[in-house]
Amino acid sequence: MVEAMGLEEQARLLQEAGNAVKRNAFFMKKAMDEDNLREALRYSATLLGELRTPTLTPQRYYELYMQAFNELTHLQAFFREERRKGRSYADLYELVQHAGNVLPRLYLLCTVGSCYIRSKEAPAKSVLKDLVEMCKGVQHPIRGLFLRSYLCQVSRGLLPDVGSEFEGDGGSISDAIEFLLINFAEMNKLWCRMQHHASGRDRDRREQERQQLADLVGRNLTYVSQLDGLDFALYQEGVLARVMDQIVSCKDAIAQQYLMQCVIQGFPDDFHLGTLDSLLGILPDLQSGVQVHVVVSSLLDRLARFAASDKAVVDTFNQVDAFGKLTRAAAKVTESENEVPSGDVVAMHAALLSFTGAVYPDRLDLVNKVLTSAYQALEKQAPIKDAKAEKLLVQLLSTPLDNYDVVTVLELANYPSVMSLLRPAKRKEMAVKICQTILRQRTLVSSMEKVEMLLDFISPLVRDTEGLEDDDEFFEEEQNLLARLVHQLVSQDTDEHFELLRAARDRFNAGGPKRLRHTLAPLAFAALRLVRTIKEGTADSKKADGACKTVLQWIHGVAAQLAEVPAAEIALQLYLQAAHAASEVACLELIAYEFFEQAFILYEEAIPDSKAEVTALQSIVGVLHRCRVFTAESRDTLVHKATGYSAKLLKKPDQCRAVCACSHLFWQELPAEEEGDDVAEGVQPPVRDADNVMVCLKRALKIANSAQQQLAVVLKGDHTTPVMLFVEILNHYLFYFEQGNPSITTSVLQSLLELVANEMANENCQKDEALLAFYNSTRNHIAIQKDKGDELAQKFSSLQL
Amino acid sequence: MQRLFGNLGQTVPIQLEFHRRDGQPVKNATVKVKGLGTEQLPLFNNKDSIYGEVKVSNIPGKKLEHQGIKVQLLGQIELASERGHPHDFLALVRDLSPPGDLVQTEKYGFEFNDVEMQYDSYRGLQVRLRYILRVTVSKGYSSSVKDFPFWVRNFEPLAAPTNGAPIKMEVGIEECLHIEFEYDKAKYHLKDTVVGKIYFLLVRIKLKHMEVEIRRRETTGSGQSMHNENETLAKYEIMDGAPVRGEAIPIRLFLSPYDLTPTYKTVHNKFSVKYFLNLVLVDEEDRRYFKQQEIQLYRASDASQANGPHAAAATLVS
């Protein structure tokens, strides 16, 4: 056996042996030139004697073999020459067997044998049979493998294949098959035997060497597959059975692995389809070291490609129940051996899944079966901790997402159970992926069942999962996904749509406050949109009102819940939006009022700081300004309250701005022209209370003034904020002026303009670029209005800048 | 020799030519001479008649006086232990000329009819069997004697394939190595092929290779003085590497390349020659395990070997 030996040493040995080959080849050729057969044979035997070396590694041995191989082609030519001179091949065939050493003798025998067959002096089958039998004389694994691979090589093209010139007297295809299969079996035995020669220490190296030699063994099968006369019947009866027998009986994992692949890759697809039972039946008999999943996977891949190439064969698939057989085989493999690594099981099912996808693109039930099978196979090992298996499982779960749209995937009842095999973190990743896919594909989920299913699928996002710490970094991102997902829950039918949202809310409730903060708002907004849809889509206004009321009530609940989360600011916005919808879409005054009431309560009780107050108040004013459903009385109350709030703000500039904003509560836009007379029921005429507008604006001026004084007190005279306020107020004035508010006369405006111009003259103001820009824009605006030449321009014309 | 006894008498150049009655050239046998390659000798069979012509030359002008010229046909067995004292098992004589004077070169024809030459010529390690024609020109104390060797081979008809059952035997070392070997016949002619198989029934030792040896045993003497001499004539490797249980290794050994003779049993009560096939297995520590098995060899007549060249084709596994 080859002992561990340095590379240099190997190279040196090869060099020496190679030189000996060259030397003897030289003398051999010289003898050939002198027409001395006996000497030529003697030197060729010596040359081949170099192949008896026990010390070279397979790779080095191969190099030496190739050298000798080249020399043997000269010998073949020489034999042909001898034949031409009248010496019979039978004679030569005997003569070379006088060589005393078995290895050179057999190389020579194979060399003559190939010429012998080619000459047709003897039937090909007899010579082949003799050669393949005689080669048994070499039992050394590496030497035997190379000898037999030489035999295989030189007899190529000389087999009595159908249509070959050697058929007939030379034998039949079955002789050809017989020859190749015997050679195969013998080579395989030698190959497997290598394994036993290795001590534990050398095992890795030995296995690596065996892998290098694998193709020598496999070549026999390749040649069988290349026989023209090989039809299915011959394959099934004559080839496969024997190959399988050899595979099982050799009890060697490396060989089994390689040979199964060889068979699967080497023979045509339709053969496989016809022999699925045999191919799959053998799997449980393979050694535990065999990666059965790889075998099954490659079979599946081949069949899948086959199906893809020709749609007609799918019928054949059905006839032989290919799917059923493959699934059962997969299951059996996992059952038969307890120790199948989870990664392998997953990989196998992944292959099965892609097979199913390729062969039966529209058979979702089969996909589900595969998932079931995967779940059953892996159930005991859950959760999958092996990194590879985990990765593969994620891939497996991703395959349907890529192949089908998500809604289709939602029909796979076993999808979540397979997901549950994953560890929580991975499960969540998977859920994220599902969400992303839905969002990317803009898929709408529109039935109750599917929504429930979807929420099952993505449950790790919806609620806490045992054993999983939420990662703050990604938590918001994930919840945002969920929030976006809410908008994909859409049904044509508004009732059902509402049900979908309700269902989602029920599930979201389980997620706890930290999730609700993110998930409730989108629900409410989706519902608001629904209100609009109902109103626009329902002819029967009473029915629409009823439906809207229900939805709005529900939104109310959602907002209230959100307020308790607590997320007062969002809740307040929600109330306002709901109020607006109630007012402008549904025209339900009471409900709108109720929403405002809740918003005000939140404003008073739950808004935490002054900044938030400012924002909230602006929102309140903005929404209230646009609501037209309120009667004067209720409007008064609300407006009063809002103006009250504005006066109570802490900072003067905030107060000032808020008061300005409040002025608009008394001045609603006139309805657009096209709305005309067709005003919806319950909509009040726009409020245009010029006096109160004026009151507000004056108050704003006053506040701006006192802000200026306040700054002067604390010696912050260089501050330009009050001037900014003045310019802002000026803009409000201009707005109302243009709107035709009777209180804003040219003179009032003129005096304000002068006031502002005065303030702007201040040195500090001239340095404040933002302020300057603002002021200049305002002036430009006036100038432009003057130049317009319409009615308004006349009003403006009297203004002096 | 001639120089040593040169003065004692004048040596007479004697020549002998073998003839055949039908005028065809006499057949020759190629015989190996130890260390010298080969020599060509006239070849005869048992019951052949031996014809020839003896030519005794004389130096022209000189008269050679002699007491008679004769030719003897001798069959001798010579043992190494008794060198110089061959045992004649056959002695025939023909007088060629009565005593007289030889004035010029004379030719004398002779013939031995249907000579009984039942033994083959043989050259072994410690024994040889030879046939010679000895021409003697008697001249008192200094006779001129010259030997002319010839070779005798006897043939047997080709044995029927059924003649000689195959040799089959199971041998082994307990718990270590069990093999069964099989040679297709027990009796082979000299151009025959030994075909056989070795079945490995149990292999617990790491074998390195296996070979078949052809061994020859010469036995001389008998009883107390019996002596055996063994010689390995051929080593033929039939297996390289270590087989495993269940393996069957083919043997095909062509006998023709080797210098073999038929098996001889108690030739004239002087010696025997036996042949053995020795199966040798060598393990990785170079220990040798062997089993020796006698085979009978015989010489088949050329006619009966007439299946000649295509005999080799028949040696393909059938």
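The values are calculated or read from the model by the stated rules, or taken from the named source; none is laboratory data. Values in this document were obtained by computation on a predicted structure and should not be read as measured data. Every residue, glycine as well, gets a Cβ built from its backbone with ideal geometry; the counts of neighbours run over all protein chains shown. Accessible surface is based on the protein model in full, side chains and every heavy atom, while ligands, DNA and RNA are left aside. Shrake-Rupley method; radii C 1.70, N 1.55, O 1.52, S 1.80 Å.
Look at the alpha carbon pairs under 8 Å that are at least 6 residues apart: their mean separation over the length of segment A:529-679 gives a relative contact order of 18 percent. Which of rounded, prolate or oblate describes chain A when judged by the alpha-carbon gyration tensor and an a/c cut-off of 1.5? Verdict is prolate for chain A. Computed from backbone phi with θ = phi - 60° and the Karplus coefficients 6.51, -1.76 and 1.60, the 3J(HN,Hα) list for segment A:43-55 is 5, 5, 5, 5, 4, 5, x, 4, 6, 7, 4, x, 9 Hz; x is used for glycine and proline.
Each peptide in A:660-667, B:261-268 gets a packing score, the mean of other Cβ atoms within 10 Å over its residues, and the list from highest to lowest is A:660-667, B:261-268.
Helix A:721-739 and the longest principal axis of the Cα set of chain A meet at an angle near 80°. Candidate cross-link partners of A:Lys136 among the lysines, defined by an alpha-carbon separation under 24 Å and a same-chain spacing of 8 or more, comprise A:Lys125, A:Lys189, A:Lys251, B:Lys168, B:Lys185, B:Lys197, B:Lys206, B:Lys208, B:Lys235, B:Lys291. Against chain A, whose longest principal axis comes from its Cα atoms, helix A:494-509 is set at around 80 degrees. Available extension along the chain between A:Ala632 and A:Lys611 is 4.5 nm, counting 0.36 nm per residue and deducting the alpha carbon span. Note on B:Lys55: accessible area is roughly 60 Å² with a 1.4 Å probe, heavy atoms of protein only. Once the chain from A:Gln153 to A:Leu590 is taken as fully extended at 0.36 nm per residue, the excess over their C-alpha distance is 147.7 nm.
Which residues does the label zone of B:Ser49 cover in segment B:66-96, counting backbone N under 20 Å from a point 7 Å along Cα→Cβ? Once the point is set 7 Å along Cα→Cβ of B:Ser49, B:71-74, B:91-96 turn out to lie under 20 Å by backbone N, inside segment B:66-96.
For the segment A:91-99, counting C-beta atoms of other chains within 10 Å of every residue's C-beta and taking the mean gives 5. Look at where the Cα atoms of segment B:216-276 and of segment A:760-796 average out, and the two centres are 132 Å apart.
Considering helices alone, the calculated mean residue ellipticity of the protein assembly as shown at 222 nm is -17000 deg cm²/dmol, with DSSP H runs of length four and up weighted by -39500 (n - 2.57) and normalised per residue. For the peptides B:238-249, B:289-300, A:313-324, the ranking by mean Cβ contacts within 10 Å, running from highest to lowest, is B:238-249, B:289-300, A:313-324. Taken per residue, the accessible surface of chain A reaches 44 Å², heavy atoms only and a 1.4 Å probe.
Using only the alpha-carbon atoms, how far is helix A:424-441 inclined from the longest principal axis of chain A? Give it as 0 to 90 degrees, nearest 10. With both axes taken from Cα atoms, the answer is about 70 degrees. Measuring r between the beta carbons of A:Arg38 and B:Glu111 and using R0 = 56 Å, the FRET efficiency lands at 0.90.
Tally up the carbon and sulfur contribution to the accessible surface of segment B:167-314 as a whole percent, 1.4 Å probe, everything protein left in place. Carbon plus sulfur share of accessible area: 46 percent. At 1.4 Å probe size, with the rest of the protein present, what percent of the exposed accessible area of chain A is carbon and sulfur atoms? About 48 percent, which is the carbon plus sulfur part of the accessible surface. Kirkwood hydrodynamic radius of segment A:228-368, from the reciprocal of the average inverse Cα-Cα distance over all distinct pairs: 15.3 Å.
Under the simplified labelling scheme, the B:Thr11-A:His781 pair shows an inter-label distance of 15.3 nm, with each label point 7 Å from Cα along Cα→Cβ. The mean number of partner chain beta-carbon atoms within 10 angstrom of a residue's beta-carbon across peptide B:253-262 is 2.
Neighbours of B:Pro42, meaning other residues whose beta-carbon lies under 12 angstrom from its beta-carbon, give a summed charge of 0 when Lys and Arg score +1 and Asp and Glu score -1. So if R0 is 41 Å, what FRET efficiency would A:Ser420 and A:Ala770 give, r being the distance between their Cβ atoms, rounded to the nearest 0.05? E between A:Ser420 and A:Ala770, to the nearest 0.05, is 0.10.
Per residue, chain B exposes 52 Å² of solvent-accessible protein surface, assessed with a 1.4 angstrom probe and all protein chains in place. Between A:Gln319 and A:Lys380, the C-beta separation translates, for a Förster distance of 51 Å, into a calculated FRET efficiency of about 0.90. If you take the accessible area of B alone plus A alone and subtract the pair, what total do you get in square angstrom, rounded to 100, with a 1.4 Å probe? Using a 1.4 Å probe, the pair buries roughly 2300 Å². Among B:Glu156, B:Glu284, B:Glu174, which one moves the most in a GNM of chain B with springs linking Cα atoms closer than 10 Å? It is B:Glu174. Rounded to a whole number, what % of the accessible area of segment B:14-152 do carbon and sulfur atoms account for, probe 1.4 Å? On segment B:14-152, the fraction of accessible area on carbon and sulfur atoms equals 46 percent. Take A:398-404, A:449-455 and order them by the average number of nearby Cβ atoms within 10 Å per residue, most first; the result is A:449-455, A:398-404. Using θ = phi - 60° in the Karplus curve 6.51 cos²θ - 1.76 cosθ + 1.60, the 3J(HN,Hα) couplings for segment A:578-587 round to 5, 4, 4, 4, 4, 6, 7, 8, 8, 6 Hz; x is entered for Gly and Pro. Stretching A:Thr222 away from A:Arg84 to a fully extended chain increases their span by 46.3 nm, per 0.36 nm per residue minus the current alpha-carbon distance. Counting heavy atoms of the protein chains alone, A:Leu528 has an accessible area of about 20 Å² for a 1.4 Å probe.
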